[in-house]
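Quick notes on the structure that follows.
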Amino acid sequence: MRILLYRSDGNTAPWAEDFARHMPDAECVTWEQGAKLPPCDYAVVWAPPEEMLRELAEVRAVFLMDAGADAILKHGDALPRHVPVVRLGDAGMGVQMGEYVAHAVLRYFRRFDQYERQAAAGEWQPLATHERDSFTVGVMGAGVLGRRVLDCLRPFGFPLQAWSRSAKDIDGVRTFAGDDGLDAFLRSTRVLVCMLPLTEATANILNRANLGKLPQGAYVINVARGAHVAEPDLLAYIKSGHIAGATLDVFRNEPLPLQHPFWQEPRITITPHIAALTLRSESVQQIAAKIGLLERGLAVADVIDRNQGY
């Protein structure tokens, strides 16, 4: 068996070492522009170029090194549609995402963000606490990772709700779905957590109109993709005070340019796309197990629906 490995940063050697441990009979090869690619059975990729995808018509499946499919689907049918694309399932990302979101929610709930600014100014001033019963946390995106985040938030006793493109039934969580449910979801959400896949339907979903539906003093957390947020609209609402602040891990342009106005807004907390790092060993084990299933003619989980975009 031959497996093609590709990463846009070129760091494929550790992945090849892990595959050698978990699949010792497999040969791993890499792609180089202009070089002839030998026939491959599978491809494992991260942010692949379009010209490479055109060479993969004969592979049995393409596996992604992360949970998002937008970096490959943006190339349309450069990868022939008969080739299944399989994203990572949890692979250790759910725990990380839950930690990140829980920290951001608690930081705002306990007003630690404001205490940090007071401390920097040498101010000693206790602040009024938020009311837990009305501190509704709303998660946009109720897939595997979204549900893990909801599970992490349960012990704190906040009212929880979720919005997704299609209807979901989640125990202990008020759910909303589709365009008809979005308005009510936003108007009743105090802390908005964006965990949506990036598709044509969800790009710029956090725009002026939708952000304006959030209650006065709402807070925004984005751990999905930067293109979900209309950045000037979010900044304007924060400066006006309608939105109290934001914790942002993803941006339209990464690294975030030094001249970007987000850096100068103290109510915006910035992290460098680290909410859920890909854990290579867990990922390779998951991909190897799925290849084993495909080799036996069995179905695998997490196959991308190209019409849905996730």
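Does at least one position in region 20-42 carry a residue that is buried (at least 17 other Cβ atoms within 10 Å of the Cβ), under 28 Å from the mean Cα position of the chain (by Cα) and more than 16 Å from Val284 (Cβ to Cβ)? Scanning region 20-42 turns up at least one residue that is buried (at least 17 other Cβ atoms within 10 Å of the Cβ), under 28 Å from the mean Cα position of the chain (by Cα) and more than 16 Å from Val284 (Cβ to Cβ).
State all residues of region 209-232 that are assigned to a helix (DSSP H, G or I) and more than 25 Å from Ser134 (Cβ to Cβ); if no residue qualifies, say none. Those that are assigned to a helix (DSSP H, G or I) and more than 25 Å from Ser134 (Cβ to Cβ): Gly226, Ala227, His228, Glu231, Pro232.
Of all residues in region 72-95, which are loosely packed, with under 15 Cβ neighbours inside 10 Å and touching a residue at least 60 places away in the same chain (Cβ under 8 Å)? Talk me through it step by step, then tell me what you get.
If we filter region 72-95 for residues that are loosely packed, with under 15 Cβ neighbours inside 10 Å, which is where we start, we get 74, 76-77, 80-82, 95.
Once the filter is applied, which keeps residues that are loosely packed, with under 15 Cβ neighbours inside 10 Å and touching a residue at least 60 places away in the same chain (Cβ under 8 Å), region 72-95 yields only Arg81.
Of the residues making up region 13-49, just one is of a type in the set (Phe, Trp, Tyr) and over 12 Å from Ile3 (Cβ atoms), namely Trp46. Restricting region 96-118 to residues that are free of Cβ contacts under 8 Å to residues at least 60 places away in the same chain and of a type in the set (A, V, I, L, M) leaves a set whose member that is nearest to Ala244 (Cα to Cα) is Leu106. Can you name every residue in region 1-19 that is in contact with a helix residue (DSSP H, G or I) (Cβ under 8 Å, 6 or more places away or on another chain) and either surrounded by 15 or more Cβ atoms within 10 Å (Cβ to Cβ) or of a type in the set (S, T, N, Q) (or both)? Hits for region 1-19 are Ile3, Leu5, Tyr6, Arg7, Trp15, Asp18, Phe19. Restricting the search to region 82-99, which residues are under 15 Å from Tyr310 (Cβ atoms) and in contact with an Asp or Glu (Cβ under 7 Å, 6 or more places away or on another chain)? Selection gives Val86, Arg87, Leu88, Gly89. Only one of the numbered conditions (1) in contact with a helix residue (DSSP H, G or I) (Cβ under 8 Å, 6 or more places away or on another chain); (2) within 23 Å of Arg306 (Cα to Cα) is not met by Ala177, and that is (1). Here Arg225 clears all of (1) of a type in the set (Lys, Arg); (2) free of Cβ contacts under 8 Å to residues at least 60 places away in the same chain; (3) under 19 Å from Ala162 (Cβ atoms) except the condition numbered (2). The single condition among (1) exposed (fewer than 15 other Cβ atoms within 10 Å of the Cβ); (2) without any contact (Cβ under 8 Å) to a residue 60 or more places away in the chain that Phe251 does not satisfy is (1). Residues in region 241-262 that are closer than 21 Å to Phe112 by Cα and either basic (Lys, Arg) or assigned to a helix (DSSP H, G or I) (or both): Phe262 only.
In this entry, Val193 passes the filter for residues that are touching a strand residue (DSSP E or B) at 6+ places or on another chain (Cβ under 9 Å) and assigned to a strand (DSSP E or B).
It is to be established whether one or more residues within region 285-292 are under 19 Å from the mean Cα position of the chain (by Cα), of a type in the set (S, T, N, Q) and not in a loop (DSSP other than H, G, I, E, B). Yes, region 285-292 has at least one match. Cβ-Cβ distance below 6 Å, separation of 6 or more or different chains: which pairs start in region 119-130 with a residue that is within 22 Å of Gly217 (Cα to Cα) and end on one that is assigned to a loop (DSSP other than H, G, I, E, B)? The qualifying pairs are Leu127/Arg111.
Every read-out reported here was derived from the displayed coordinates using simple, explicitly stated rules and does not represent laboratory data. Just so it is clear, the model here is predicted, and its values are computed rather than measured. Because the Cβ atoms are built from the backbone with ideal geometry, glycine has one as well, and the counts that use them run over all protein chains shown.
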